Amino acid sequence: MKLTDFDFKLPKELIAQYPAEKRDHSKLLVLHRDTGELEHRKFFDIIDYLNPEDAVVVNQTRVFPARLFGINQRDGIRAEVFLLRNLEDNLWEVLLKPRKKITLGSVISFNQGSLSCEILKESTTEGDLARFDYKGDIFELLERIGNTPLPPYIKREADLKDRDRYQTVYARERGAVAAPTAGLHFTPELLEKIKEKGIEVIPITLHIGWGTFRPIRASDFEEHKMEEEYFEICNESYEKIISVRKNGGKVFAVGTSAVRTLETVFENNNGSHKGWTRKFIYPPYDFRMVDGMITNFHLPKSTLFLLVSAFAGKELIFNAYQEAIKEKYRFYSYGDAMLIV
């Protein structure tokens with residue numbers, strides 16, 4: 001199969017620019033892999049598909065305000081610095097705009113100089129390297145002056161509401177520059193109902209990087225290299241997941257990031273439940289740790305679309321997406337959800 005086999009046409013008006021008014025009132029398309037049946041529900045109905053012996057695995061990564069707007073001291077022009085990941089101390093991998101205007105040695109200041117960075121290394125393919133200068137804790141500064149890193153297909157500036165809505169209600173571990181968007185549909189009340197039914201809600205962590213939005217350039221998608229991302233599953237969570245499977249329950253992964261984390265840990269086979277992963281899942285793939293998936297609707301020809309195609313089968317996923325388009329489901333990060341059982 002080639003990358004072009006995973007392309008489809010999506011009307012632009014179906015790309016959600018804002019979240020649903022209520023998190024758990026998003027549409028839910030339920031896909032049954034055994035029969036190909038599709039059901040149209042609301043997200044809060046998801047509890048109907050879970051049994052007491054099952055587990056819901058959620059990615060508790062927390063998005064930090066990684067997008068900064070400042071002034072390039074060389075020419076006084078407005079500049080954008082997008083923090084990708086902290087390499088060590090005050091060194092960060094970053095993305096820069098306007099890229100051609102920001103050269104080696106440029107110093108960009110933010111918030112009247114309370115934070116600044118110097119460009120140490122330029123790159124045309126990956127992130128640039130910048131050294132930041134500040135007093136105190138950089139994450140406390142970012143919380144005050146940074147902006148929510150909305151995906152590139154949301155064609156508006158982030159506002160204050162995005163600070164809350166582009167974050168899951170169970171976000172705990174800071175480190176992501178993109179949200180695990182399948183989890184955006186959960187509310188504390190829905191999670192409590194799930195737990196009351198006797199279903200385990202198990203937290204894991206994968207800090208989603210900007211690579212989730214990077215397009216696959218190779219026509220042969222197997223040649224694509226995923227960005228390295230940090231993951232961690234604590235011993236308690238790991239033991240619970242193993243126990244659920246041993247006792248005949250199903251593991252429902254919330255989002256592709258949870259799927260990749262679980263499958264990475266299974267492949268390690270060395271007792272290590274944390275580290276860095278470049279896990280790329282595409283058809284055909286034998287899933288070992290995941291029985292069901294909760295996910296949003298993804299970009300054509302993306303690593304995320306390839307993953308769900310591997311899980312449910314290319315034909316079933318294409319049928320489900322065409323149904324979603326016909327019924328005007330909302331797509332991408334702030335869009336509606338799909339449950340694959």
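Brief remarks follow.
- Inside the range 288-303, residues that are over 16 Å from A253 (Cβ atoms) and more than 13 Å from the chain's Cα centre (by Cα) make up a count of 2.
- When K197 is tested against the conditions (1) of a type outside the set (V, I, T); (2) closer than 28 Å to P151 by Cβ; (3) surrounded by fewer than 17 Cβ atoms within 10 Å (Cβ to Cβ); (4) in contact (Cβ under 8 Å) with a residue 40 or more places away in the chain, the lone failure is (2).
- Residue-level analysis places T125 outside the set of residues that are at pLDDT 95 or above, within 23 Å of the chain's Cα centre (by Cα) and of a type in the set (V, I, T).
- Of all the residues in the range 129-149, those that are surrounded by 17 or more Cβ atoms within 10 Å (Cβ to Cβ), in contact (Cβ under 8 Å) with a residue 40 or more places away in the chain and not in a strand (DSSP E or B) number 5.
Here's the yes/no breakdown for (1) outside the structural domain of I241 (by TED's automatic domain parsing); (2) out of contact with any helix residue (DSSP H, G or I) (no Cβ under 9 Å at 6 or more places or on another chain):
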{"residue": "E53", "(1), (2)": "no, no"}
{"residue": "G76", "(1), (2)": "yes, yes"}
{"residue": "A79", "(1), (2)": "yes, no"}
{"residue": "L87", "(1), (2)": "yes, yes"}
{"residue": "P98", "(1), (2)": "yes, yes"}
{"residue": "T103", "(1), (2)": "yes, yes"}
{"residue": "V107", "(1), (2)": "yes, yes"}
{"residue": "S116", "(1), (2)": "yes, yes"}
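- Selection within the range 174-189 - assigned to a helix (DSSP H, G or I) and surrounded by fewer than 17 Cβ atoms within 10 Å (Cβ to Cβ): P188, E189
- Identity of the residue in the range 265-287, more than 16 Å from the chain's Cα centre (by Cα) and modelled with pLDDT of 95 or more, that ends up nearest to S333 (Cα to Cα): Y282
- Evaluating L50 against the criteria (1) closer than 16 Å to E118 by Cβ; (2) under 25 Å from the mean Cα position of the chain (by Cα); (3) not aromatic (F, W, Y) leaves one unmet condition, (1).
- One residue stands out in the range 41-62 among those that are touching a Pro at 6+ places or on another chain (Cβ under 7 Å) and assigned to a strand (DSSP E or B): the one that is nearest to R163 (Cα to Cα), namely T61.
- Reported count of residues in the range 1-40, each being farther than 30 Å from F221 by Cα, part of a helix (DSSP H, G or I) and in contact (Cβ under 8 Å) with a residue 60 or more places away in the chain, is 2.
- Here I47 clears all of (1) among the hydrophobic types (A, V, I, L, M, F, W, C); (2) buried (at least 19 other Cβ atoms within 10 Å of the Cβ); (3) assigned by TED's automatic domain parsing to the domain that holds R330 except the condition numbered (2).
- Neighbours by Cβ (under 9 Å, 6+ apart or cross-chain): first from the range 175-189, at positive phi and in the same structural domain as I15 (by TED's automatic domain parsing); second surrounded by fewer than 21 Cβ atoms within 10 Å (Cβ to Cβ) and not in a loop (DSSP other than H, G, I, E, B): G175/R62; G175/R85; G175/N86; G175/Y230
- Selected residue (only one of T205, T168 is modelled with pLDDT of 95 or more, over 22 Å from P19 (Cα atoms) and crowded, with 21+ Cβ neighbours inside 10 Å): T205
- Residue count for the range 79-122 under the criterion of being within 14 Å of D133 (Cα to Cα) and part of a helix (DSSP H, G or I): the result is 3.
- Sole residue being touching a strand residue (DSSP E or B) at 6+ places or on another chain (Cβ under 7 Å) and either under 21 Å from F297 (Cβ atoms) or of a type in the set (G, A, S) (or both), chosen from L184, L206, L190: L206
The values are calculated or read from the model by the stated rules, or taken from the named source; none is laboratory data. For clarity, every value in this text was computed on a predicted model and none was experimentally measured. No Cβ is skipped: glycine too gets one built from the backbone with ideal geometry, and neighbour counts run over all protein chains shown.
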